[in-house]
Amino acid sequence: MISLNEARKIIDASVNKRPGIAVSLPDALGCALDEDVIAPIDVPQFPSSRMDGIALRFSDLKGDGPWRLPLQRTIAAGEMTSDSLLPVHAVKIMTGAPLIDGADTIVPLEEVTFEGEQALLHQRPSKKSSVRPRGDDIVAGQRLLDGGAVLEPISIGALASLGMTSARVIPRPRITVFSTGSEIIEPGEKLSPGKIYDSNDGLLRTLLAMDGHRTAGHRVAIKDEPSAILISLRECLRSEDLVITTGAVSIGDFDFIPEAVFQMGGKVIFHRVSIKPGKPTLLARVNGLWILGLPGNPVGVLVGYHLFARRIIARLMGINWAPRSASATLACDLDIDSDRLCIIGARLEETPDGIIAHPATRQESNRLSSVIGTDGFIFVDGGTRAVSKNTKVHAEWL
Ligand code: AMP
Ligand code: MG
């Protein structure tokens, strides 16, 4: 059995990023750029007005004011003028409208009074005021974003301002999820004796959705039969980069996932990690497909998603991921009775004195209800002992 840190190191050393491809901008959210983005154009492409105002020629303001300038016309945003500003005239100009040839200064409407078709100006503006030069935002040739940068909405908006519709990124992996277990029934179906509803499918899919990942279509839980598991895994070989399974990964008589990996000619990268919950976790690779086998108990699935799935997915996406973490103060006493590293769901409260961790009471790997309301985990070394209130523990947010 390996430690959590060893498992993390193995993931980092063995899971590599996928090749880059062009992905449409909205879909590239959260993905790392596979190349630097060099601006192909100036933004904006023309000098324009920062304000609704009047545009004038600064040198027309002779002597002391007030100055009276006849209005030549109005320029709206989107309109390109072909004429020039007449001597000692002004134009009305709207925010974002191109500056008329000959004008060099803009005075906001608030500082102008109008008398019929004339603008009256009482104070001398400063030269070039409120003029947005060409390339004010981005200059052609400028390196706007570095390769490796993770695209968030601001960068996606900036790429769109360059006219781009897609970006070359490391795409999100194609992920599928399936539950195993002959006892597992779809929610909505009728329960029969000995059966339980599938909580893992909904849990995993929404954890993935929360992180911005889409999953392939829903599958009904796979029966604990070697051929059924083999068929399902083989299907993933063609279409997926990562499959996350739950159940059938331990040492029971019907835990067929490790056997299926072997049958497909795959390689188990690790199996069993010294953590509680989640000990039977398995990572395997079959050709291009990664298989993360999480044990069936739902709290183990939650912990396994956070510890392993997120790390594997980040590696596939070429992203240096680390959970948000802190040192937290325990809000109550805890009894530890496991020689493995214990990962306990906790509500992490931010207070002026730091983070207070309220651990789940009655956490057991099967009791999903025990972690309702938690938003993270605390990590407590194994042993048989009491850990007292106010002890500092490592905490990570989900
Ligand atoms: P396994 O890892 O297959 O030995 O399953 C461990 C425990 O988790 C058993 O009590 C299973 O019934 C339960 N379990 C497995 N899969 C699910 C699931 N999808 N939803 C809820 N409980 C499950
Ligand atoms: Mg099972």
Quick check on region 105-145: of everything there that is touching a Leu at 6+ places or on another chain (Cβ under 7 Å) and assigned to a loop (DSSP other than H, G, I, E, B), which residue is surrounded by the fewest Cβ atoms within 10 Å (Cβ to Cβ)?
GLU117
Kindly indicate which of ARG174, ARG205 is open to solvent by 20 Å² or more (accessible area, probe 1.4 Å), in contact with a Ser or Thr (Cβ under 6 Å, 6 or more places away or on another chain), closer than 21 Å to THR281 by Cα and away from ligand 2 (no atom under 12 Å from the Cβ).
ARG205
So, in region 1-15, of the ones that are part of a helix (DSSP H, G or I) and of a type outside the set (Gly, Ala, Ser), which residue ends up farthest from LYS279 (Cα to Cα)?
ASP12
Every residue in region 211-225 that is surrounded by 15 or more Cβ atoms within 10 Å (Cβ to Cβ) and either outside any loop (DSSP other than H, G, I, E, B) or of a type in the set (Val, Ile, Thr) (or both), please.
THR215, ILE222
When region 37-67 is examined, which residues are found to be in contact with an Asp or Glu (Cβ under 9 Å, 6 or more places away or on another chain) and surrounded by fewer than 13 Cβ atoms within 10 Å (Cβ to Cβ)?
SER59
Take the residues in region 169-210 that are in a loop (DSSP other than H, G, I, E, B) and touching a helix residue (DSSP H, G or I) at 6+ places or on another chain (Cβ under 7 Å), then tell me which one is nearest to ligand 1 (Cβ to nearest atom).
SER199
Suppose the filter is basic (Lys, Arg), modelled with pLDDT of 95 or more and open to solvent by 20 Å² or more (accessible area, probe 1.4 Å); does ARG238 pass it?
no
Can you confirm whether region 189-196 contains a residue that is touching a residue at least 12 places away in the same chain (Cβ under 8 Å), under 19 Å from GLY252 (Cβ atoms) and out of contact with any Cys (no Cβ under 6 Å at 6 or more places or on another chain)?
yes
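The values are calculated or read from the model by the stated rules, or taken from the named source; none is laboratory data. Please read all numbers here as calculations on a predicted model, not as lab measurements. All Cβ positions, even for glycine, are placed from backbone atoms using ideal geometry, and neighbour counts span all protein chains on display. Protein only, heavy atoms only, side chains kept; ligands, DNA and RNA dropped before computing areas. Shrake-Rupley method; radii C 1.70, N 1.55, O 1.52, S 1.80 Å.
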